[in-house]
Amino acid sequence: AERKIPVQYAKRVVGRKMYGGQSTNIPIKVVMAGVMPIIFASSIMAFPATIVRLAMAGELPTAGLGYTILGCLSAGYGPWWTDIIYSVIYFLLIIFFTYFYTSIQFNPIEIANNMKKSGGYIPGYRPGKPTSDFIALVSNRLNLAGAVFLAIIAILPILFTHASGINGLQIGGTSLLIMEGVALESVRQIESQM
């Protein structure tokens, strides 16, 4: 899904021709970061568990503090309550990396400056800083909804495993998101070729 911010371009008269005066929009996706926050979060969560496994020469602890810590950093390992801690940490990391990746990828100040240079404005907002503030506000609100959506999709297989008692669930939330993204992109490219 995306939110379309309307943009108007001012009319200019050059000689006997009139330029501009058109209306367009800026599409801002709800999940602008895609699957990257999930990939970053799962990599961060897997790193300490990998270090523990390497340090113990492949032998995993079966009791004590190492067992509990490894359970909090790995889904499906350790007591049942460690999966809850794992899920909460994973959820928060996905939200953090959604904002982090979007802040690197999407620059509202640059968009506002480009609109100002080309004579564009968002109705109800002055060109420049008010426009960039509005775009940043819309982006942050959409990022929150998108980040929560990504986190729920990523944690759903863990919750399903506990609810159903089926271990070794092979289809995770990340793979479903990747398949959905590829399918939507394929449809877009087919439509653009027709």
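The values are calculated or read from the model by the stated rules, or taken from the named source; none is laboratory data. Everything numeric here is computed off the predicted structure, so don't read it as measured data. Because the Cβ atoms are built from the backbone with ideal geometry, glycine has one as well, and the counts that use them run over all protein chains shown. For accessibility, only protein heavy atoms count, side chains too; no ligands or nucleic acids. Shrake-Rupley method; radii C 1.70, N 1.55, O 1.52, S 1.80 Å.
Among the candidates 159, 142, the residue that is among the aliphatic types (A, V, I, L, M) and open to solvent by 80 Å² or more (accessible area, probe 1.4 Å) is uniquely 159.
When the residues of region 7-24 are filtered to those that are open to solvent by 70 Å² or more (accessible area, probe 1.4 Å) and at pLDDT 75 or above, the one that is nearest to residue 135 (Cα to Cα) is 23.
Pairing each residue of region 101-117 that is under 16 Å from residue 144 (Cβ atoms) with any residue that is of a type in the set (A, V, I, L, M, F, W, C) and open to solvent by 40 Å² or more (accessible area, probe 1.4 Å), provided the two are 6+ apart or on different chains, yields C-beta distances under 6 Å for 101/36. What pairs can you find where one residue is in region 16-44 and basic (Lys, Arg), the other is in a helix (DSSP H, G or I) and modelled with pLDDT of 90 or more, and their Cβ atoms are less than 9 Å apart, with a gap of 6+ or different chains? Every condition considered, the pairs that remain are 29/142; 29/146. Of all the numbered requirements in (1) surrounded by 14 or more Cβ atoms within 10 Å (Cβ to Cβ); (2) modelled with pLDDT of 90 or more, residue 172 misses one, and that requirement is (2).
Of the residues making up region 40-73, those that are at pLDDT 75 or above, closer than 24 Å to residue 154 by Cα, open to solvent by 70 Å² or more (accessible area, probe 1.4 Å) and not aromatic (Phe, Trp, Tyr) are 44, 51. What about residue 31, is it assigned to a loop (DSSP other than H, G, I, E, B), under 26 Å from residue 102 (Cβ atoms) and either under 31 Å from the mean Cα position of the chain (by Cα) or modelled with pLDDT of 85 or more (or both)? Here the answer is yes, as residue 31 does meet what is asked. Of the residues examined, residue 136 is one that is surrounded by 17 or more Cβ atoms within 10 Å (Cβ to Cβ), among the aliphatic types (A, V, I, L, M), modelled with pLDDT of 90 or more and part of a helix (DSSP H, G or I).
Restricted to region 107-120, and to residues that are open to solvent by less than 40 Å² (accessible area, probe 1.4 Å) and modelled with pLDDT under 90, which residue is farthest from residue 11 (Cα to Cα)?
Out of the qualifying residues, it is 115.
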